[in-house]
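What follows is a set of notes on a single structure, which appears directly below.
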Amino acid sequence: MKIYFHLNLEGFSNCYVIVNEKSREAVIIDPGQITTEIINHIEIGGYKLTGVLISHNHGSHVAGLSTLRKIYEPQVYAADWEVAGNDTNVLKDDGVIQVAGIDVEYFSLPGHTNDSMVYKVGNVLFTGDSLSACRIGSTNSKFSERTLVKNIKQKILSQTDDTVIMPGHGPPTTVGVEREFNPKLSPAQQ
């Protein structure tokens, strides 16, 4: 398995392409913008795009989905039915799915949005906007912020310190770094 990073300059959001080198399949996480680089990555690599994972239904994370669906026929996974209508495989709660021959754990993580999902592939978490380097996602109320912090502590900080976090915006981080240095999650905040 390999993970490739692509930056969406319009929304400054991160898009990830995960390839299964054995099955020659690929999955895309948060296709905010589909560029020639992403298409070439799939086509020149000889991969079959079999899945798209959406962390939450915000434009900078889903705008490229319509382009992908014109070229490929991937399964779309999200917590919000409106992402792809009847073609959405709606995810609820926590569980495991297999996409591109890869086991993908998913965790419902409301707080930033009601439909926020985190995906875990191997030792890597794709957190969307719920958690990024030393900050938590924006919320619209103190209640939502408390809900988000509680969910992050239960579902993300329960992972091992060396678990890599690939956020929807900004650079990668790790669970250990967030546990120790994130001002909203550090022991001083407990």
Evaluate segment 2-13: report whether one residue or more is open to solvent by less than 20 Å² (accessible area, probe 1.4 Å), modelled with pLDDT of 95 or more and farther than 12 Å from residue 100 by Cβ.
-> no
Options 120, 155; residue that is part of a helix (DSSP H, G or I), in contact with a strand residue (DSSP E or B) (Cβ under 6 Å, 6 or more places away or on another chain) and at pLDDT 95 or above | 155
Since residue 132 meets every condition but one in (1) buried (at least 20 other Cβ atoms within 10 Å of the Cβ); (2) among the small types (Gly, Ala, Ser); (3) under 27 Å from residue 69 (Cα atoms), which condition does it not meet?
-> (3)
Report the residue count in segment 93-140 for those that are touching a helix residue (DSSP H, G or I) at 6+ places or on another chain (Cβ under 8 Å) and of a type in the set (D, E, K, R).
-> 2
Sole exception among (1) buried (at least 20 other Cβ atoms within 10 Å of the Cβ); (2) modelled with pLDDT under 95 for residue 41, by number | (1)
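The values are calculated or read from the model by the stated rules, or taken from the named source; none is laboratory data. Fair warning: this is a prediction, and the values are worked out from it, not measured in the lab. All Cβ positions, glycine included, derive from the backbone under ideal geometry; neighbour counts span all protein chains shown. Note: areas computed on protein heavy atoms with side chains; ligands, DNA, RNA excluded. Shrake-Rupley method; radii C 1.70, N 1.55, O 1.52, S 1.80 Å.
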